[in-house]
Structure formats: C-alpha cells, structure tokens
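Report on the structure given below.
Each reported figure results from applying straightforward, stated rules to the coordinates on display, with no laboratory input. Here the structure is a predicted model, which means the values were calculated and not measured. Here Cβ is always computed from backbone atoms with ideal geometry, including for glycine, and neighbour counts include all displayed protein chains.
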Amino acid sequence: MSRIKDGTFGKFKYILYIPSGIDLPLIVVLHGSGEVGKSLSKLKKREPYLGLKKGIVSPNAIVLMPQLKSGSWGKSAGALKKLIDHVAKEHHCDQNRISITGHSLGGAGVIDMLIKYPDYFSAAASLSPCKNYKKDLLRTITHIPIWIFYGEKEGKFGKYARLIKSRLDSIHGNALITCVKGKGHAIQSCWIDNKYKLFAWITSNNKDAN
C-alpha cells in the first residue's frame, strides 16, 4: 500500500511517494520554473504528482519531489544533495539505485547534479533541458545512463537536448534520446506515459553496473 506525504528539510519543502517494501530505489524529480515557490500546491497540479496520486503510475520506488524556492537547482546543489541523503537514509533506500529526473529548469538541474556528483546517481532522465552544456563539462558523466526527451515542436531547448546527446555520443557516453511527437515544451506526461515506462527504466539501472 503506497502513501504520499508532505515534508520539510533544510531549505526545501517536498512531497514523498512511499510504496511498501524495503531497500527500495529512490527517484528524485526536479520541477520546472513554473513550480518554483513556497507552496507545494504548485507541484500538486502537475505530473508526476497527479499520476502517482491517481495510481496511473505505481513505481516500486520512493519518489522525492522537492520544491525550489528561488534560483536554480544547480545553485542549490549542496542543499539538495543533503535532502536526498536524508530521505535515502530515513527510508533505507538502495544506495546503488538513486536516480534523478527533471523537466525544463529541472532538466538542466539533472545535468548540473550529475556533473556535481558524478559517482552518486545510478541513472538520469532529462526532459526539455533549458541549458546548453559544453563537451568538457560532460566528460565526467559518460558512465551514467541518461535518457533525454524533447518535444517535436520545442524551440531552442530541443536543440539543447540534441546537443547534449551528440556531445555525449562523441565522448562515448551512455545516452538515449526521444523526440515526443506532437508536443512542445510541456512534456511532463512522459513521466507517467506507459509508452515510455520511464520510472521502470530509471530504477532498472544499478550504479554498480555503470
């Protein structure tokens, strides 16, 4: 039986999806700029919260959805890492299966966190990343399985997604990329779409295998 609860730790408010079980993987979900603020109600109007609440997706994993008060995820990397450590310890998560995903501002936050902590995460998925990254910054994360998504009708952020993929390929990275047909920037539904089974994919990766 799963449950969802709100919490606070350090500088973050957060929502936590908790299924039954022990030694579960942990998925960290970083929201976009539209959900930045001090009210968790913003996150509760978006995916993946809605899909988790309605049971559309029921991952066998703890899902942590923190809220950024201001700024960018990269500038709050240290505080975010402390929150992830806290949740992983409190819920006895599998330390070899801590993964991270995010959309837009959060999609960039995913890459920022991987670069900052290249030996911490088992896998990642970046949706509509809103930031470009030079090849040199990506060299330390070539061992991490990364799935990149962008909308077919996306503008420059679609270009950023393709550049991240091509630059990782050029340095023998481990990246997948998916163009979401008919969509623009708002592709948060990928988190709960049975077509992609994103949560199942991200939790199937084990850090020891990277």
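Against the empirical 2.2 N^0.38 Å scaling, what ratio does the C-alpha Rg of segment 60-177 come to?
1.03
Summarise the long-distance tail of P(r) for the chain by giving the % of C-alpha pairs beyond 22 Å.
For the chain, the share of Cα pairs beyond 22 Å comes to 43 percent.
Can you compute 3J(HN,Hα) from phi for each residue in segment 174-181, using the Karplus curve 6.51 cos²θ - 1.76 cosθ + 1.60 with θ = phi - 60°, rounded to whole Hz and x for Gly and Pro?
For segment 174-181, the Karplus-derived couplings read 10, 10, 10, 9, 10, 8, 8, 5 Hz, x marking Gly and Pro.
Compute the length gained on full extension between residue 45 and residue 75: take 0.36 nm times their separation in residues and subtract their Cα-Cα distance, giving the result in nm to one decimal.
Roughly 8.3 nm would be gained on extension.
Hey, rough spin-label estimate for residue 208 and residue 153, points 7 angstrom out along Cα→Cβ, what's it come to in nanometres?
Computed distance between label sites residue 208 and residue 153 equals 4.6 nm.
Given the Cα-Cα distance of residue 174 and residue 33 and 0.36 nm per residue of separation, how much length would full extension add, in nm?
48.0 nm
Long-range amide H contacts for residue 57: which residues qualify at under 5 Å (H placed 1.01 Å from N, peptide plane, sequence gap of 5 or more or a different chain)?
Sorted by chain and number, the residues that satisfy this are 52.
Which cross-chain or sequence-distant (5 or more) residues have an amide H under 5 Å from the amide H of residue 177, H modelled 1.01 Å from N in plane?
Correct list: 148.
Antiparallel as a % of all DSSP beta bridges within the chain, to the nearest 5?
So the antiparallel bridges in the chain amount to around 35 percent.
Would you mind checking 42/82; 5/45; 81/153; 11/54; 81/135; 38/81 for any pair whose Cα atoms are more than 26 angstrom apart?
Violating the 26 Å limit, Cα to Cα: 81/153; 11/54.
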